[in-house]
1. What are the ³J(HN,Hα) couplings of region A:7-19, residue after residue, when phi is run through the Karplus curve with 6.51, -1.76, 1.60 and θ = phi - 60°? Round to Hz, x for glycine and proline.
2. Arrange the following residues from fewest to most other Cβ atoms within 10 Å of their Cβ: A:GLU138, B:GLU30, B:GLU41.
3. Assign unit charges at the C-beta atoms only (+1 for Lys and Arg, -1 for Asp and Glu), then state the dipole size of chain B relative to its Cα centre in Debye, rounded to the nearest 20.
4. Over chain B, with a Gaussian network built from C-alpha contacts below 10 Å, which listed residue (B:LYS87, B:LYS157, B:LYS17) shows the highest mean-square fluctuation?
5. Taking the Cα-to-Cβ direction at B:ARG33 and at B:SER199 and moving 7 Å from each Cα, how far apart do the two end points lie in nm?
6. For region A:95-109, just list the computed ³J(HN,Hα) in residue order, Karplus coefficients 6.51, -1.76 and 1.60, θ = phi - 60°, integers in Hz, with x standing in for Gly and Pro.
7. Looking at the square roots a ≥ b ≥ c of the eigenvalues of the Cα gyration tensor of region A:99-161, which shape do they give, rounded for a/c under 1.5, prolate if a/b is larger than b/c, or oblate?
8. 222 nm [θ] for chain B, helices only, -39500 (n - 2.57) per DSSP H run of 4+, per residue, to 500?
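Throughout, read-outs are computed from the coordinates displayed, never taken from laboratory work. Just so you know, these numbers come straight off a predicted model, no measurement behind them. Here the Cβ positions follow ideal geometry from the backbone for every residue, glycine too, while neighbour counts run over all protein chains shown.
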Amino acid sequence: MADSNGRRVVILGCGRVGSTLARQLAVDGYAVTVIDSTADSFRRLGGKFKGTKIVGNGLDQDTMRKAGVEHSNVFIAVTQGDNTNIMAVQIAREVFGAKRVVARLYDPIRSQAYREMGIVTLCTTTLAAGLIRSTVTESSECDGLREKLESWDMDYLEQVG
Amino acid sequence: MYVIVVGGGKIGYFLSKRLVQEDHEVLLLEKDRRRYSTLAEELGDVVAQGDGCEVRMMAEAGFARADVVVAVTGDDEDNLVICQMAKKKFQAPRTVARVNDPSNLAVFQKLGIDTTVSSTQIIFNLLEQQIEQGEIIPIGALKNGNLEIVMIGVSEKSPVLGELIKSLVLPGNAMIISVVRNDNAILPQADTRFEAEDSVIAIVAADVESDLRSIFSEGH
């Protein structure tokens, strides 16, 4: 894509997180490719999405090749399965030489273990719990983040809502 | 040896049963409750119910003192994570993973799994061997020397029929180690003659396997 400036992103998993991310990055001018095992999930991307959609098993190296993982700057795994995300980012890195990989995980222990192995992991369990706790305890620690979250929600409504 | 098997499908079940018979200490972990009850009826306290990817379960199951961790669930991603976590969190000395998609074999090895087994790949190899030539069957591989142990059937039409072993010109990296005749394995001598329906066991370097095959094959 001409306006993508060669910035290519592959996202595995077109659930709420994957589809939102895909739409936002596409608006930001990235060339986005989304992989999901069911074509039906792509309805979450809406009609205006300009990226590429690929139906397939994200752990199958043929699917990854088709999605152009080897020519991408970033590979992001946001399926419902922690182990799927962990394995996908490792294949992207070891087989296709992806420089930056990100895995969304639910299990904080796995998140920590794989972070130590050099994978960028984001554990949404501790993220959500931590933010909610800071609200309950009225700690000011997460004030900045809460504002950030509000602005992200606004972005969502503007860009893709 | 303390062996932890994760995944109570057919492979996990028969493997655990066999290991118990061989007097090893075995723990079979199965996630699904219903499958667990079926297994527990058969195998007793060898079986435990839980998710082998969860560190708490792994600690309870004694991963820290396991000599071998074997991950044989039906999902490659689970088998990978079980073995990696066993290494990372519990310093498991040896991990074995079942690999369903053969293209994952190389990745798993790169990612630190000690031994990988793909039945898909094994069956494919056997079929390929059979399609290429009817009578040579791989029965084992020696990992580091690139050597294979193969079994070759001597058919009625084989060119070696009635020949003496010493008259065969074998490739440099091949050696006949036994001849199985009427279910008896014999140590072949220079003057052993090949008979129809003999099975010849040979050790051979992978790159000269086809040379060895052509010596025994029909129409040579």
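1. 8, 10, 10, 10, 10, 9, x, 10, x, 4, 5, x, 5
2. A:GLU138, B:GLU41, B:GLU30
3. 740
4. Between B:LYS87, B:LYS157, B:LYS17, it is B:LYS157 that shows the largest mean-square fluctuation.
5. 4.7
6. 8, 9, x, 4, 6, 10, 10, 10, 10, 8, 10, 9, 8, x, 5
7. Working: a/c = 2.57, a/b = 1.31, b/c = 1.96.
It comes out oblate by the Cα gyration axes.
8. Details: 7 runs with 72 residues, N = 220.
Mean residue ellipticity, 222 nm, calculated: -9500 deg cm²/dmol.
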